[in-house]
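One structure is given below, encoded as structure tokens.
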Amino acid sequence: MKTQVREQKGKNYLAALVLAVLVVLPSLAFAAEQLRFKPGFNLFSPQQDVQVGREASAEVEKQLPLVKDAQLERYVSDLGRRLTQDAPNNAGYEWTFKVVNSQDINAFALPGGFIYVNRGVLEAAEDEAQLAGVMAHEIGHVVMRHGTHQASQIMLAQVPLAILGGVLGRSSSLSAQLAEFGISFGVNSIFMKNSRSAESQADQIGTYILYRDGYDPHAMAQFFGIIDKKYPQQGLQFLSDHPNPGNRVKKVDELIPQLGPAKEGKPGSPEFQVAKKKLLAMPPAPKAKPGAAPAASPPSPPPPPSSRLVKYQGEGFAIAHPDNWEVQKGQEGVTLAPPGGVLTGPQGEWAQAYGASVSQYVPRKKGWGLIDATQQLLDSLRQSNPNLRVVKQTSLKIKGRPALSTLLENDSPLPGQKETDRLVTVRAKDAMLAVIFVAPQSAFEAYRPTFDAMLKSLELR
Ligand SMILES: [Zn+2]
């Protein structure tokens, strides 16, 4: 379900209004409070991050060829270590930086500070600041502990916290314990797949580190732009592991003035060009081994919704949602989605594949009737969801108030899939409240109990 519509010109006031309220963006992404860089919920200790990362890196290095060149290794490692000195929340991680012999433009970080940069990144970077930007972004994933945060959410979705508390650290191998939760340690494990909110944070930290270390803070976002435009094929895996949180460059540009007075970026060391030349002169990297995952594999489905619900208190409403879902607050509403449940379309627009959104809108004066007001909303949604089709409409009561439930069929943002949407409209105090539940058709039944429980929990002013 796309809730972001392209700019409307003038005459359709309602559509413009609805569009304004339905665009549920992480508008506070760069608010000062986020600059405090606080890692999210985590069942692991930072020491266990290192343990997980060490085990995972051993696994990964069985699968990925590394560039073995002492001078090059030292250069990348020294650069990385220097950057970590400017990283926030840098608490006793074991920093290693290695170059993978792959022409794909990609980089990834394992928990605890094990960072891998593909040869393709060094070859495509125009200067040291851009390379430093990619590395600083990866350092951001480590210090925000995104890998184990995600693992924690997956684990919590399966086992109550009371039991989980005792699970970790019982035996020597964390990988064996995590395997019980379906979390693997090799290439393409969840430790390399980042959610959009994690990406936003890594972008912020990357930019922050660049600034602190004296580089042009635009260099990181600049490089991501270069991948997009100049190397769309080679950069596919990067964008699959590090999905664009939407308006990446713009958001970074907005952050930079908050970091401090503008400075001229330093030129970077001559060793960068030496390293780049050396790589370009080496024989081409081996092609990916058969059996390795293809680039740009379709995103794996999100972890199942936790049966434990937590309450979200909005302006004039409250609703419960699974505690392993992410909350993205917007101007007039909220998007509640499992990690990876919101995708970015080709124009950078948001499209929700899984989860729910709640928003409020004011219909035209004459349109306060439930059916009419719902119709107006549907008309507006159709502008960005041309294949939206009403399957069934039924009336119901929510906390004693008349409400309308509209079951919809729509194109899913997941390639080649249809989705089912359930739109529930009800009159709140001085606006209409719209709740939209979204899941691919094939998954809707599995999500139905969660959606029903959420609807049941809805409180209105
Ligand atoms: Zn990333």
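Within segment 422-442, if we keep just the residues that are open to solvent by 20 Å² or more (accessible area, probe 1.4 Å) and either free of Cβ contacts under 8 Å to residues at least 40 places away in the same chain or part of a helix (DSSP H, G or I) (or both), the residue that is nearest to Gln393 (Cα to Cα) turns out to be Arg422. Residues being in contact with a helix residue (DSSP H, G or I) (Cβ under 9 Å, 6 or more places away or on another chain), away from the ligand (no atom under 13 Å from the Cβ) and touching a residue at least 40 places away in the same chain (Cβ under 8 Å) are entirely absent from segment 195-204. The number of residues in segment 234-262 being open to solvent by 80 Å² or more (accessible area, probe 1.4 Å) and either in a helix (DSSP H, G or I) or in contact (Cβ under 8 Å) with a residue 60 or more places away in the chain (or both) comes to 4. When you look at Lys276, is it of a type in the set (Lys, Arg) and surrounded by fewer than 18 Cβ atoms within 10 Å (Cβ to Cβ), yes or no? When the stated conditions are applied, Lys276 does not pass them. Would a scan of segment 186-201 turn up a residue that is in a loop (DSSP other than H, G, I, E, B), under 20 Å from the mean Cα position of the chain (by Cα), of a type in the set (D, E, K, R) and modelled with pLDDT of 80 or more? Yes, the conditions are met somewhere in segment 186-201.
Residues that are open to solvent by less than 40 Å² (accessible area, probe 1.4 Å), assigned to a strand (DSSP E or B) and either within 16 Å of Gly341 (Cβ to Cβ) or out of contact with any Leu (no Cβ under 9 Å at 6 or more places or on another chain) (or both) within segment 387-421 comprise Asn410, Glu419, Thr420, Asp421, listed in sequence order. Selection of segment 434-461 for residues being in contact with a helix residue (DSSP H, G or I) (Cβ under 6 Å, 6 or more places away or on another chain) and not aliphatic (A, V, I, L, M) yields only Phe437.
Matching residues to (1) within 15 Å of Val143 (Cβ to Cβ); (2) within 16 Å of the ligand (Cβ to nearest atom); (3) within 24 Å of the chain's Cα centre (by Cα); (4) crowded, with 22+ Cβ neighbours inside 10 Å:
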| residue | (1), (2), (3), (4) |
| --- | --- |
| Leu66 | no, no, no, no |
| Leu72 | no, no, no, no |
| Ser77 | no, no, no, no |
| Gly92 | yes, no, no, no |
| Ser102 | no, no, no, yes |
| Ala109 | yes, yes, yes, yes |
| Asn118 | no, yes, yes, yes |
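Filtered by the rule that a residue be more than 14 Å from Met144 (Cα to Cα) and either open to solvent by 10 Å² or more (accessible area, probe 1.4 Å) or touching a Ser or Thr at 6+ places or on another chain (Cβ under 7 Å) (or both), segment 194-220 gives Tyr211, Arg212, Asp213, Gly214, Asp216, Pro217, His218, Met220. The residue that is surrounded by the most Cβ atoms within 10 Å (Cβ to Cβ), counting only those in segment 164-179 that are at pLDDT 75 or above and closer than 25 Å to Gly341 by Cβ, is Leu178.
The values are calculated or read from the model by the stated rules, or taken from the named source; none is laboratory data. Here the structure is a predicted model, which means the values were calculated and not measured. Positions of Cβ are backbone-derived with ideal geometry, glycine not excepted, and every protein chain shown enters the neighbour counts. To get the accessible areas, we keep the full protein, side chains included, count just its heavy atoms, and leave off ligands, DNA and RNA. Shrake-Rupley method; radii C 1.70, N 1.55, O 1.52, S 1.80 Å.
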